[in-house]
Amino acid sequence: MNKLPMLLDCDTGVDDAVAILFTKYLNTLELVAATTVAGNVEVEHTTRNTLQVLELAGMGHVPVYMGADKPLLGETVTAHHIHGMNGLNDIELPLPKRAAEAMPAWDAIYEFAKKTPGQLTVVAVGPLTNLALAIAKYKELPGLLKRIVIMGGAAVGGNVTPAAEFNIYADPEAADMVFTCGAPVYMCGLDVTMRAYVTAQELDEIAALGSKQAVFARDVMQGILQFYCTYKLGGVAFHDPVTVLYADDDSYFQTDHAGVRVETKGKLTRGKTVTDLYSDKQMEHNAYVVTNLDREVFKRRVFEIMAQYGE
Ligand code: RIB
Ligand code: CA
């Protein structure tokens, strides 16, 4: 099957790193570029991390474009307490053999969309600042994209505040611009990503596959695993990796057409993805919300992909 092009916009922290490893062995998508944004850690670190993990994956040919170092408005938010000081659970990978390209991320998103009109899937697993800047600069961009698949938001709950998930909370104005841009937007929020968990034992089973990439995937997730264990969860949510798997094959997921807008003014609710799943009267149905998955199929895909690194 001819694979369609995919651009990954990421704030490479630990789960973004595993998502990058997954992009090498997808069934329907081929990674053609990566763009980086400030989020889990500063954009200099997310960019270096992205370059390093692409090289670890044997994808050093994929160009990387550095993006926004802060949100459109408001204060910069980071998550060093989860991702470590360097963003990779303080694992030191070999220094990257190359640098990011000169073009900024928001121009690169447009250039790759123009190359393949109607074909490019943008998978965004960090704050949506780069996409918002690209949409603001190039009005025709939404019409050039096949779809935008984001890790972010939640129909119910949050992980930074009771109302907001990190990627949306980090830049609510950018997120609302993406949800209202007119391109098909698919939201892989906490509703589905918290169900896409991997247990400590399963992480060790991944490492036992034996490749350096499999061992890295287990090691890089140890810090966030401890964080989740303090919340008595069954394992660590594979937020970004499951979003990449969804973009590749959504057949084992529950997806509903819904209305989604982002609260940008609320004192307690800033960054909430206000989601109208059930009525079709209050909000225009402008997005698709992913709410569930078959975890056994998810787990099988995780092991299938990571096993290919040893072959
Ligand atoms: O809330 C989880 C999301 O925020 C993930 O994308 C994680 O990498 C952080 O960016
Ligand atoms: Ca991320």
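Things to note:
- Neighbour cut-off at most 16 other Cβ (10 Å), DSSP loop, trypsin sites (Lys or Arg not before Pro), region 1-85: Lys3
- Summed residue charge, Cβ within 14 Å of Lys265's Cβ, Lys/Arg positive, Asp/Glu negative: +1
- Taken per residue, the accessible surface of region 29-97 reaches 42 Å², heavy atoms only and a 1.4 Å probe.
- The phi-based Karplus calculation (6.51 cos²θ - 1.76 cosθ + 1.60; θ = phi - 60°) puts the 3J(HN,Hα) values of region 40-57 at 3, 9, 5, 5, 4, 6, 5, 6, 4, 4, 5, 4, 5, 6, 4, 5, 4, 7 Hz, whole numbers, x for Gly and Pro.
- Percent of Cα-Cα distances greater than 18 Å, calculated over region 2-107: 44
- Here the translational diffusion coefficient of region 1-52 follows from Stokes-Einstein with Rh set to the Kirkwood radius across Cα pairs; for 4 °C and 1.567 mPa s it amounts to 115 µm²/s.
- The accessible area of Thr47, taken with all protein chains in place and a 1.4 Å probe, comes to roughly 10 Å².
- Cross-link reach is defined here as a Cα-Cα straight distance under 16 Å, omitting same-chain residues fewer than 8 places apart; for Lys299 the aspartates and glutamates meeting it are Asp15, Glu202, Asp204, Glu205, Asp240, Asp248, Asp249, Asp250.
- Exposure here means at most 12 other Cβ atoms within 10 Å; with chymotrypsin sites (Phe, Trp or Tyr not before Pro) in a DSSP loop as sites, the longest stretch of the chain lacking them is 1-230.
- 23 Å Cα cut-off, lysine pairs counted over region 1-155 (separation 8 or more, or different chains): 16
- The residues of region 111-193 present an accessible area of 29 Å² per residue when probed at 1.4 Å with all protein chains retained.
- At the listed q of 0.12, 0.13 Å⁻¹, the Debye profile of the chain, built from one uniform point per Cα, gives log10 I(q)/I(0) equal to -0.71, -0.85.
- Listed residues Val244, Val125, Val297, most fluctuating in the chain (Gaussian network, C-alpha, under 10 Å): Val297
- Estimated at the nearest 10 Å², the accessible area of Met103 is 70 Å² with a 1.4 Å probe.
The values are calculated or read from the model by the stated rules, or taken from the named source; none is laboratory data. Just so you know, these numbers come straight off a predicted model, no measurement behind them. Neighbour counts are summed over all protein chains in view; Cβ atoms, including those assigned to glycine, are modelled from backbone coordinates with ideal geometry. These area figures cover heavy atoms from the full protein model, side chains too; ligands, DNA and RNA do not enter into them. Shrake-Rupley method; radii C 1.70, N 1.55, O 1.52, S 1.80 Å.
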